[in-house]
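The values are calculated or read from the model by the stated rules, or taken from the named source; none is laboratory data. Treat the numbers as computed from the prediction; the structure is a model and nothing was measured. SASA here: full protein model, heavy atoms, side chains in, ligands and nucleic acids out. Shrake-Rupley method; radii C 1.70, N 1.55, O 1.52, S 1.80 Å.
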Amino acid sequence: MLRETFATRYVTPLREGGSLPGIVEADDLGTYVMKFTGAGQGRKSLVAEVICGELARRLGLRVPELVRMRLDPVIGLGEPDQEVQELLKASGGLNLGMDFLPGSLGFDPLAYEVGAAEAGRVVWFDALVNNVDRSWRNPNLLVWHGDLWLIDHGAALIWHHNWPTAATSAARPYDASDHALAPFAPDIASAAGDLGPRVTEELLASVLADVPDEWLDGEPGFDGPGAVRAAYVTALAARARTIAEHITLGAPSHDRPSRAPGWLTGRPHRESGAAR
Ligand SMILES: Nc1ncnc2c1ncn2[C@@H]1O[C@H](COP(=O)(O)OP(=O)(O)OP(=O)(O)O)[C@@H](O)[C@H]1O
Ligand SMILES: [Mg+2]
């Protein structure tokens, strides 16, 4: 189960986030990025954050710690922004917190080099969870102390918005052409060979145990949180077995900035065959 904390101070909204996450301090003296149950995206995006974040962590990818965060909307009383006030009022009770990485930078593919092995693991993982939110336009990757960290999985697991499609999702292709790490020659075959066999039903069940019951309760068509958890386990286990065959890495869209050789070193780029 995720650690539980209590929000003590709302610091500031993160305006670049579509769901209006906020920076919040908690009773453990930690600072967190808080994602609210009252946000328009709804509690399913928090379920996706927990499942994907904790699955990625168990597969050895870096994800900031996730915690359960209790919120008393009274902490927003002095908040001048009407939109933030409304969000806090609608989010009393249990929300999600992600450890805030101070001084982290948004990933810039022109300024940061990723190895083929790591790129392969991230692309394979994103294909597994149908994450369309890791494109070069919106990478949802942070660089912190020289390492790559994964954030923002709220839009993944798209099939949980329409459960009858979950069974067929296993064979649904994943187009990684515009993925933020596509230019780093992702070694998807190695990633699949290493990570695929680790995504067992046991591992997935331990991940699903981290999702609070109250975010699974009342799901139409299911007889309680246990049945919903089992459906996630079945869908992800099936996809893990075959997803590598369904990943395509085509040409990126034409407006993608290119990684010119020499950019990182500052040396001017010479066309091959040019005089030395
Ligand atoms: N743990 C963190 N540490 C530091 N900064 C973070 C962290 N999590 C998020 N941020 C910053 O806040 C921004 C918004 O967060 P996030 O992408 O999770 O929100 P969102 O509302 O889901 O965004 P989107 O608009 O991509 O849907 C990120 O782009 C990043 O700049
Ligand atoms: Mg984001």
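For this structure, a couple of remarks:
- Derived from the Cα gyration tensor, the three semi-axes of the equivalent ellipsoid of the chain are 33, 26, 15 Å, largest first.
- Among complete DSSP H helices in the chain, those whose alpha-carbon atoms stretch at least 24 Å along the helix's long axis and whose mean Kyte-Doolittle hydropathy reaches 0.0 are 225-242.
- Only helices enter this figure: runs of n ≥ 4 DSSP H residues, each worth -39500 (n - 2.57), summed and divided by the residues of the chain, yield -8000 deg cm²/dmol at 222 nm to the nearest 500.
- Among beta bridges that DSSP assigns inside the chain, antiparallel share in %, nearest 5: 85 percent
- Protein accessible area in the chain, 1.4 Å probe - carbon and sulfur %: 55 percent
- Over the chain, accessible surface divided per residue gives 47 Å², non-protein components excluded, 1.4 Å probe.
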